[in-house]
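In what follows, a single structure is set out as structure tokens and then discussed.
Derivation of every value follows stated rules applied to the coordinates shown; laboratory data play no part. Computed from a prediction, not measured in an experiment: that's the story for all the values here. Here the Cβ is made from the backbone with ideal geometry for all residues, glycine too, and neighbour counts use every protein chain on show.
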Amino acid sequence: MDAMGILPKKTTFAVFVGWLTLGYAWGGVIALAGPNLQAAGVPEVIKFKVERELPHDPTAFTQGLEIWEPGYFLETTGQYGQSELRKVEIATGQVKLRRPLDGKYFGEGATKFGSDIFQLTWREGAILRWGVSSKNKEPEVKETFSWIGEGWGVTNGKGILWVSDGTDQLKAVNPKNMKVTKTIKVTLSGKPMDHLNELEMIDGKIFANIWMTSTVVRINPKSGVVDGLIDLSNLVPKQIHPDAVANGLAWDSRKRRLYVTGKLWPKVYELTLLK
Ligand SMILES: [Ca+2]
């Protein structure tokens, strides 16, 4: 699918009015289409091709998605009393393993780090470290870390965790103690880019869903500058639920495919990102 062909039309674009920063950038992309883009410092529009449409549990309030191991997703779901950590077969969408969270937690994003899985909670000030039980070899919460502020999305690279909290900030976190070692401010065309949500590390850049939009941004973790945009608006299921936003990004580095889904989406899309 050609992302340039699905740039927001006028009516869709009106939705962006409340999202001035984002609207500004997309407007810039439209106005400056062509070689002027680079010169103006406007983020690259990343085109993609849909390779496969795969089934996804339409009741999953997806908060995090990652490759667990070849053929399987690590997926986390939210809502109090319904939050789970799941191992999902990619080809069939079948949930092969599920671990409910304590009912006091609203589960958020998760990332696999060595043999552990770190999972955020929304407003409970806790990050859970899941490890493998020696008894049944299945995940169990081994440790609970304190966390200040909200937890939204998490990914990792080069030995550190990157955590989003719904603002324009990304925090670099030491996985040994959950101490914040660095905070970067994310900007789009020089303006704060907030509502950073589900995250995914791809080739050293951090990709983030922007909450309540169908836009994914590509962030340079050194500068915080958004240097690429993906428009998923043609993939967002229509008229399901106001909360059914894009909120799952999983990168398969072996196949070089990006999997995208969202809260309550009936499908996962397998994409090739085009140069
Ligand atoms: Ca992810």
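Taking the chain as a Gaussian network, Cα atoms linked when under 10 Å apart, which of 42, 216, 260 shows the biggest mean-square fluctuation?
42
Using +1 at the Cβ of each Lys and Arg and -1 at the Cβ of each Asp and Glu in the range 51-273, identify which of 160, 246, 103 lies farthest towards the dipole's positive end.
160
Springs between alpha-carbon pairs under 10 angstrom, Gaussian network model over the chain: which of 241, 195, 56 fluctuates most?
241
Just to confirm the number: angle between the C-alpha axis of helix 20-31 and the first principal axis of the chain, 0 to 90 degrees, nearest 10?
The angle comes out near 50 degrees.
Specify the inter-centroid distance of the range 175-217 and the range 103-166, based on alpha-carbon positions, in whole Å.
Each part reduced to its Cα centre gives a spacing of 17 Å.
Restricting things to alpha carbons, tell me how big the chain is in terms of Rg and Dmax, in Å.
17.9, 60
Which residue, 170, 54, 258, has the most motion in a Gaussian network model of the chain that connects Cα atoms within less than 10 Å?
The residue with the greatest mean-square fluctuation here is 54.
State to the nearest 20 debye the size of the charge dipole of the chain about its Cα centre, where the only charges are +1 on K and R beta carbons and -1 on D and E beta carbons.
440
Return the long-range amide H neighbours of residue 156 (sequence gap of 5 or more, or a different chain), with a cut-off of under 5 Å between placed amide H atoms.
Residues meeting the criterion, in which the H sits 1.01 Å from N, are 162, 201.
For a quick check: sort 146, 223 by the number of other beta carbons within 10 angstrom, fewest at the front.
Result, fewest neighbours first: 146, 223.
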